[in-house]
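Visitor: Provided herewith is a single structure, encoded as structure tokens, for subsequent inquiry.
Only the coordinates and a few stated rules stand behind these numbers; no lab work does. Source: prediction; values computed, not measured. Neighbour counts are summed over all protein chains in view; Cβ atoms, including those assigned to glycine, are modelled from backbone coordinates with ideal geometry.
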Amino acid sequence: MSRKTLLIVLVVSLAVNLFLVGGVIGGLVVGQRLRPDRPPMTRMNQPVWAAAQVLGPEQARAYRTMLRGEGMEARTVMRQTREARAQAWRTLGADPFDPATTKQRLAEIRDREAATRGEIDGRIVDFAGGLTPTERRKLATALAEPPRTHKPSRPERAGAR
């Protein structure tokens, strides 16, 4: 085999291997995102979303469906309030500066956020009304106690103290 042929075979082999490894990794990532029983990771860190884990499969599905329905509306409102808050903060640099107007805008934004969160809370309470007392207690505990995230403990330094 000539040196040129060997080089071509090695380059082609490298390209094929990279393609296959990329395909496998891509498939794993997409597969994880498409699993219906697994909510997105960003939601799992939120106590309201993670609380579904203590419910049975049917109740958990219904709970998450309820949150998703409410979540679409809430996401829109929260995005709008973030934008409004950014605009309110920009008024700090305006000339002339009117502190009363900025405070009023921020208060209105807080009220809007609180109302949105209140609607979500209300839907959760309504949902809980259809659960058994045992399921309701489990949900209450899960909502009151945020999920524990596993953080590795720091190794103690030798000779500390």
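Visitor: Please state the shape class of the range 41-136: rounded when a/c is under 1.5, otherwise prolate if a/b exceeds b/c and oblate if not, all from the C-alpha gyration tensor.
Guide: Values: a/c = 3.97, a/b = 2.90, b/c = 1.37.
Because a/c hits 1.5 or more and a/b exceeds b/c, the range 41-136 counts as prolate.
Visitor: Oh, and also: At 7 Å along the Cα-to-beta-carbon direction for both Q32 and Q46, put a label point, then send me their distance in nm to one decimal.
Guide: 2.0
Visitor: At 7 Å along Cα-to-Cβ for each site, give me the label-to-label distance between M78 and T102 in nm.
Guide: Taking the simple label geometry, M78 and T102 are separated by 2.6 nm.
Visitor: I would also like to ask the following. Full-extension gain between T132 and M66, please, as 0.36 nm times their residue separation minus the C-alpha to C-alpha distance. Mind dumping the intermediate values first?
Guide: Working: separation 66, 0.36 × 66 = 23.76 nm, distance 1.76 nm.
Extending this stretch completely gives an extra 22.0 nm.
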